[in-house]
Amino acid sequence: MSASLPQSPPAASPVSSPRFSVLSWPQVRRLDAVLGESVPIHGRGNFPTLSCTPRHLVQVVRKRLEQNGILVHNVRLNGSAASHVLHHDSGLGYKDLDLIFMVDLKGPEAFEVVKHAVLDCLLDFLPPGVNKSKITPMTLNEAYVQKLVKVCTESDRWSLISLSNNHGKNMELKFVDTLRRQFEFSVDSFQIILDSLLMFSQCSESLMSQNSHPTVTGESMYGDFEEAMDHLRNKIIATRNPEEIRGGGLLKYCNLLVRGFKPKSEVDMKTMQRYMCSRYFIDFPSIREQMRKLKCYLQDHFVGMEDKRYDCLMTLHNVVNESTVCLMGHERRQTLTLISTLAVQVLAEQNFVSTVPNYTCYYQPSAFMGDLNYNSYYFTPVQSVVPCSHTYQTWLPCCN
């Protein structure tokens, strides 16, 4: 998507494209609450925690970018936070705050300008008394940045700066010039254009009310806003061009299934699952890459919902088992073993393993087991097996 795509329409004009919709007063009020919530940015080591609201951070970053010659076309709220604003009872919840700055990134130097502008903004949020003169951008990056990504290809030009939060509620600032695909499923395809609300808070001295609030517009990158909203209300999984969904989309799909979402149809489900499994193994071809991806996903997407990690892994196990058509038999079995192993690890962390009867253990040296510290022993769920009397609390060899 180009930064020059349609922006929020004027307040007096009706939204003619089915992609757009004007937010209702309850939705605007929820949006205002999300932007006004204080979100800590935790520093590593001795660096202090920074406290700011998304609204203030966006305003400071936008001003600094424009001072450095980077034109900001508009700013948008994306992802699960946008879905929460539009329908607070969706079952998705929200964790990260995904903020998109639509900008021009026409040369390699523009990416560096954006990065340094954001890091420079962090100085504004340091508490009084801190000697800022000796703090370099590299130091700020090490102290407060969780993730730094730059993508510069023929079809995609964007960067991501994720600011650290120890509770899993990172503020993710994405700077997009072009991005061919900005959603995985219709229920996470929403973007809310923030410019009118930000301007209101800067220019108006009065508080918002039902009779006096800015016109805020949302857009569905899926293509039809009302259809996507219907999917969100009724917990339906649907997408367009599933072959374009990157490998992580398979994990998001399993997460939605665990949260009670259902595919639009049996045909859609089978098609989506085959495409997503194929892309997952293209993007994460080795067992080590799969392990790293799974462990990071479980850590990042189940904060406060740790009890759902096992369900998500076993859902993934079933989907991979049913829909993988691109692997040799031994590669498929290796992936299924990895998923099963992580699932039992999750149960062990919650002290549930000894209460689960349908588990047996096997001995098999494996290339990736060293990273999991299981002493070359792993555990695999089976459908019917005589329960082993050994409890797995200590992760010692048993039943060999």
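The values are calculated or read from the model by the stated rules, or taken from the named source; none is laboratory data. No experiment lies behind these values; they were computed from the predicted model shown. Cβ atoms come from the backbone with ideal geometry, glycine included; neighbour counts cover every protein chain shown. Just so you know, the surface numbers come from the protein's heavy atoms only, side chains and all, with ligands and any DNA or RNA stripped out. Shrake-Rupley method; radii C 1.70, N 1.55, O 1.52, S 1.80 Å.
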Once both label points are put 7 Å beyond Cα along the C-beta direction, the Met328-Asp300 separation in nm becomes 3.1
Out of the total accessible area of the stretch 168-320 (probe 1.4 Å, heavy atoms of protein only), what percent is carbon and sulfur?
48
So what is the orientation-averaged projected area of the stretch 288-330, using the convex hull of its C-alpha atoms, in nm²?
3.5
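Largest first, what is the accessible-area ranking of Ile135, Ile100, Ile282 with a 1.4 Å probe? Can you show the working numbers first?
Working: Ile135 30, Ile100 5, Ile282 120 Å².
Per-residue accessible area, sorted high to low, gives Ile282, Ile135, Ile100.
The stretch 166-254: Rg/Rh from Cα coordinates, Kirkwood Rh? Could you put the intermediate results ahead of the total?
On the way: Rg = 16.5 Å, Rh = 15.8 Å.
Ratio of gyration radius to Kirkwood radius: 1.05.
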Once you sort the root eigenvalues of the Cα gyration tensor of the stretch 33-159 as a ≥ b ≥ c, which label holds: rounded (a/c under 1.5), prolate (a/b larger than b/c) or oblate (the other case)?
oblate
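Tell me, what is the per residue accessible area of the stretch 303-351 in Å², probe radius 1.4 Å? Can you show the working numbers first?
On the way: 2250 Å² over 49 residues.
Roughly 46 Å² per residue, with all protein chains present.
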May I ask you to rank Phe47, Phe185 by accessible area, largest first, using a 1.4 Å probe over the protein chains only?
Phe47, Phe185
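Please report Rg over Rh for the stretch 101-162, where both radii come from the alpha carbon positions and Rh follows the Kirkwood definition. Can you show the working numbers first?
Details: Rg = 13.4 Å, Rh = 13.0 Å.
When Rh is taken as the Kirkwood radius, the ratio is 1.04.
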Placed amide H near His87: partners under 5 Å, 5+ positions off or other chain
none
What are the ³J(HN,Hα) values, in whole Hz, obtained from phi via the Karplus relation 6.51 cos²θ - 1.76 cosθ + 1.60 with θ = phi - 60°, for each residue of the stretch 233-242 in sequence order, with x given for Gly and Pro?
5, 9, 6, 10, 9, 8, 8, 10, 6, x
Over 24 Å between alpha carbons, listed pairs Lys95/Lys308; Lys252/Lys295; Lys235/Lys270; Lys63/Lys115; Lys95/Lys132; Lys95/Lys262:
Lys95/Lys132
In nanometres, the difference between 0.36 nm per residue of separation and the alpha-carbon distance of Glu243 and Lys132 is 35.1 nm
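Gain in length, Cys152 to His87, computed as 0.36 nm per residue apart minus the alpha-carbon separation, to one decimal in nm?
Numbers: separation 65, 0.36 × 65 = 23.40 nm, distance 3.41 nm.
Gain on extension, Cys152 to His87, equals 20.0 nm.
Over 16 Å apart: what share of the alpha carbon pairs of the stretch 134-184 falls there, rounded to a whole percent? Walk me through the numbers before you get to the answer.
On the way: 662 of 1275 pairs.
Summing the P(r) of the stretch 134-184 above 16 Å gives 52 percent of all pairs.
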Tensor-based shape of the stretch 113-229 (alpha-carbon gyration tensor, a/c under 1.5 rounded, otherwise prolate or oblate)
oblate
With a 1.4 Å probe and every protein chain left in place, tell me how much accessible area Glu266 has, in Å² to the nearest 10.
110
With +1 assigned to the C-beta of every Lys and Arg and -1 to the C-beta of every Asp and Glu, and no other charges, what is the dipole magnitude of the stretch 235-354 about the Cα centre in debye, to the nearest 20?
180
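Quick check for you: with a 1.4 Å probe and neighbouring chains kept, what is the accessible area per residue of the stretch 122-218, in Å²?
49
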